[in-house]
Amino acid sequence: MDEITEKDIQQLINFEDQPCISLYMNTRKDAGKEVEKMRIQYKNLLSKAEKILKEKWNYDERKTDKILSEAQSLTGERTFWQHQNRGLAVFLGPDFFTYYRIPRSVHEGAYVSRYFNIIDIIPEFQNKDRYYVLALSRKQNQLYQATRDSIELLEIDDLPESIDAVESGVKIEDDPKYRSQSSGGSGQQAVFHGESAGDVDHPEKIRYIKQINNAISKFLQKEQSPLILMCVQDLFGLYRDLNTYPNFIDEFVKGNPDKLQPEEIHAGSWNKMKDFFQEQSRAIIEKYNNLINSEKTSSEIKDIVSAAVFGKIDKLLIKKGAGQPGKYDSEKNEVFLSNELNADCYDLYNFSAIRCLNTGSEIHVLSEEMMPENTEIAALYRF
């Protein structure tokens, strides 16, 4: 996976030369015989970009070939096409070329504009549906990073391979949840605190879970994405009691993951997590609907563009695949709508998203059914 960093996004949204060419296409991992299909698909996107440059930007053959040359060179690199992910995003401009293999499907298209089209990589950059899955059993444990469309096995230092490989140096009595205490005189049986207290009879299990938790909490210490478990009931109760990762989900995918393929782990975990993420989006939309008759919201593109420029937007909601051609006059603070994209007019939804990223706004790219009713773009204002 080619991770898109904040530095990458800043480079794209602050690129000042024109034209900015953005190519998006869906790809296949380990494509095999489909490599040639992807290359043809990519050539078709380049042909669309070439046509736009000639018809809308008045580029001649020489200028067109020069700006597209690096992107065109990828068509002959078979190894490149053999190592793809779910989506491919290519960005090129005068003396600029970069691409990202991304683990989610994209809205396919070729765009030539004053700005790079960054809407489809916003979910990847802002990690709106990223989560972690710990597939846990007594025989093995594996941590995965996942999204709606993908799952990837991660390599974590200090993870014990199995319960048989635990280190004996972890002291159970150091954890207050499993501390023994006498209830009276000598000879009285010790009492253990914690919902999984029965496991004190199996100290190697507690050591196993503690070592896993310590390694994962350290690995995820700068993360804010949720962590969900796939395991059997008793291991979930024990891990929940010992967990120190703050974004732990207090429910789990029930079952033994030992013989499951990553795709099966992904399917089971996403069935749980999709409701979690949809609930977050619903909360934002509910807030929007509650404020719809106030000055705190808008679904008018002209108002939203101006608000984005002045840093007024807290949350921006955009329907996936939607757009509106036009341009913004900064001197007059006016927005002009158009029927087509060309050298003068660009996508105002994308322009708003760029301005929102520059002012730290939260952006949600949503399906049509998740958007507020009868809207393609909507904003909640900060003030």
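Taken as Cα centroids, segment 307-383 and segment 117-134 sit 19 Å apart, rounded to the nearest whole angstrom.
Candidate cross-link partners of Lys43 among the aspartates and glutamates, defined by an alpha-carbon separation under 15 Å and a same-chain spacing of 8 or more, comprise Glu34, Asp65, Glu70, Glu77, Glu108.
Note that the chain shows a convex hull volume over its alpha carbon atoms of 172 Å³ per residue. Listed from fewest to most Cβ neighbours within 10 Å, the set Phe91, Phe248 follows the order Phe248, Phe91. Magnitude of the charge dipole for the chain, about its Cα centre and with charges confined to Cβ atoms of Lys, Arg (+1) and Asp, Glu (-1), is about 400 debye. If you model segment 211-286 as an ellipsoid using its alpha carbon gyration tensor, with each semi-axis the square root of five times an eigenvalue, the axes come out at 21, 18, 12 Å, biggest first.
Taking neighbour Cβ counts within 10 Å as the exposure measure, how do Thr75, Thr375, Thr147 sort from fewest upward? Provide the component values of the computation, followed by the final result.
Values: Thr75 15, Thr375 20, Thr147 24.
Fewest-to-most ranking of Thr75, Thr375, Thr147: Thr75, Thr375, Thr147.
Over the residues of the chain, the helix contribution to mean residue ellipticity at 222 nm works out to -10500 deg cm²/dmol, using -39500 (n - 2.57) for each DSSP H run of at least 4.
Residue exposure proxy: Lys320, Lys254, ordered by other Cβ atoms within 10 angstrom of their Cβ from fewest to most, comes out as Lys254, Lys320.
Net charge in the neighbourhood of His266 (other residues with Cβ under 10 Å of its Cβ; Lys, Arg +1, Asp, Glu -1) is -3.
Which percent, nearest 5, of DSSP beta bridges in the chain are antiparallel?
DSSP beta bridges in the chain are roughly 75 percent antiparallel.
Past the 32 Å Cα-Cα mark, which pairs from Lys7/Lys315; Lys218/Lys287; Lys56/Lys332; Lys128/Lys210; Lys48/Lys319; Lys63/Lys327? Check vs 32 Å cut-off fails for Lys218/Lys287.
Think of the chain as a dipole: +1 on every Lys or Arg Cβ, -1 on every Asp or Glu Cβ, centred on the Cα centre; then among Gln324, Ile304, Asn293, Gln324 lies furthest on the positive end.
Assuming R0 = 45 Å, what is the FRET efficiency of Asp17 and Asn289, from their Cβ-Cβ distance, to the nearest 0.05? Taking R0 as 45 Å, the efficiency between Asp17 and Asn289 is 0.60.
Pick out, from Asn333, Leu153, Ser73, the residue whose Cα sits farthest towards the positive end of the charge dipole of the chain, with +1 on the Cβ of Lys and Arg and -1 on the Cβ of Asp and Glu. Projecting each Cα onto the dipole axis, the largest value belongs to Ser73.
Quick note: the coordinates plus some simple rules give every number you see, no bench work behind them. Everything quoted here is computed from the prediction, not taken from an experiment. Virtual Cβ from ideal backbone geometry, glycine too; neighbours counted across all protein chains shown.
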